[in-house]
1. Given the options 42, 111, 200, identify the residue whose Cα lies farthest towards the positive end of the charge dipole of region 4-213 (+1 on Cβ of Lys, Arg; -1 on Cβ of Asp, Glu).
2. Which stretch or stretches of region 24-52 have amide N atoms under 11 Å from the point lying 7 Å from residue 89's Cα along the Cα→Cβ direction?
3. Which order, highest average first, do 77-88, 21-32, 162-173 follow once you tally other Cβ atoms within 10 Å for each residue and take the mean per peptide?
4. For the chain, build the charge dipole from Cβ charges (+1 Lys, Arg; -1 Asp, Glu) around the Cα centre, then report which of 11, 80, 52 sits farthest towards its positive end.
5. May I ask for the angle, rounded to the nearest 10°, between helix 16-29 and the longest principal axis of the chain, with both axes built from Cα atoms and the value confined to 0 to 90°?
6. If I model a spin label at residue 129 and residue 181 as a point 7 Å from the Cα along the Cα→Cβ vector, what separation in nanometres do I get?
7. How far is helix 140-149 tilted, in degrees, relative to the longest principal axis of the Cα atoms in the chain, given as a value from 0 to 90 rounded to the nearest 10?
8. Charges at C-beta only: +1 for Lys and Arg, -1 for Asp and Glu. How large is the resulting dipole of the chain about its Cα centre, in Debye rounded to 20?
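The values are calculated or read from the model by the stated rules, or taken from the named source; none is laboratory data. These numbers come from a predicted model, not from an experiment. Ideal geometry is used to build each Cβ from the backbone, glycine not excepted, and the neighbour counts take in all protein chains shown. The protein model used for the area step is the full one, side chains on, heavy atoms only, and it has no ligands, DNA or RNA in it. Shrake-Rupley method; radii C 1.70, N 1.55, O 1.52, S 1.80 Å.
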Amino acid sequence: MRGVFISLEGAEGCGKSTQSDLLASYLRGKGLEVVTTREPGGTPTGEMIRDILQHHASGEDIAPGAEVLLFAASRAQHVANVIRPALERGAWVVCDRFVDSSLAYQGGARGLGIDTVLAANEIALAGVWPEVTFWLDLPLEAALARVVARGAHPDRFESEETAFHQRVHDAYADLAARFPERIVRLDARKSPDGVFADLLEALEPCCEPGLEEGL
Ligand SMILES: Nc1ncnc2c1ncn2[C@@H]1O[C@H](COP(=O)(O)OP(=O)(O)OP(=O)(O)O)[C@@H](O)[C@H]1O
Ligand SMILES: [Mg+2]
């Protein structure tokens, strides 16, 4: 595939959407085609699944295995209908959360195991992995303060107890150690521009040919 696939990961409020916007503008400024997308969601079917997962309309507890498979189902649709076609036509894909969110939240924080969740995602990924994943590492208190400061309603995940968020953080750290060639940790306590400067510095060596093409 000719395109470049980048994912952004980290806790709620760590700056994924902010960095996604900055990166997309930067790449578009170089004349590159950029597809920005997000998980869970990214397709009409995926948005319906996102609704089930986040708003919990049935009132029924979602079993951990069902949660993993719903995320994976949404991802399968997203990869097949959006990400793979974009990469095949040479676009850059900037995705706000991808498989590492499942690995960190369900595999690590909910305790299902990273290998189990990875296995459940194999059909969904069909071999499509990001070239680079940026983990925006923000200490827990700072992350929650940002979410509250922007006046968002806490959803199911945001109202989980602090220990859960700490486990998510620890799981991302484990993933960064496990996939050092793919996952780049960024210090998300910096200003948006400071984080973005670090992101670009890390991006250029791994994606130089694609970036030069757009010059
Ligand atoms: N580097 C930063 N320093 C300070 N504030 C920031 C920074 N980056 C983003 N913010 C602010 O923090 C809030 C959360 O940022 P953003 O929406 O980008 O995070 P997110 O990771 O996409 O969150 P979510 O997981 O809830 O979608 C926003 O109000 C944003 O303006
Ligand atoms: Mg966001």
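1. Farthest towards the positive pole: 42.
2. Output list for this probe position: 33-35.
3. 77-88, 162-173, 21-32
4. In the chain, that residue is 80.
5. Helix 16-29 sits roughly 20 degrees off the main axis of the chain.
6. 0.7 nm
7. Computed tilt is about 90 degrees.
8. The dipole of the chain has a size of about 300 debye.
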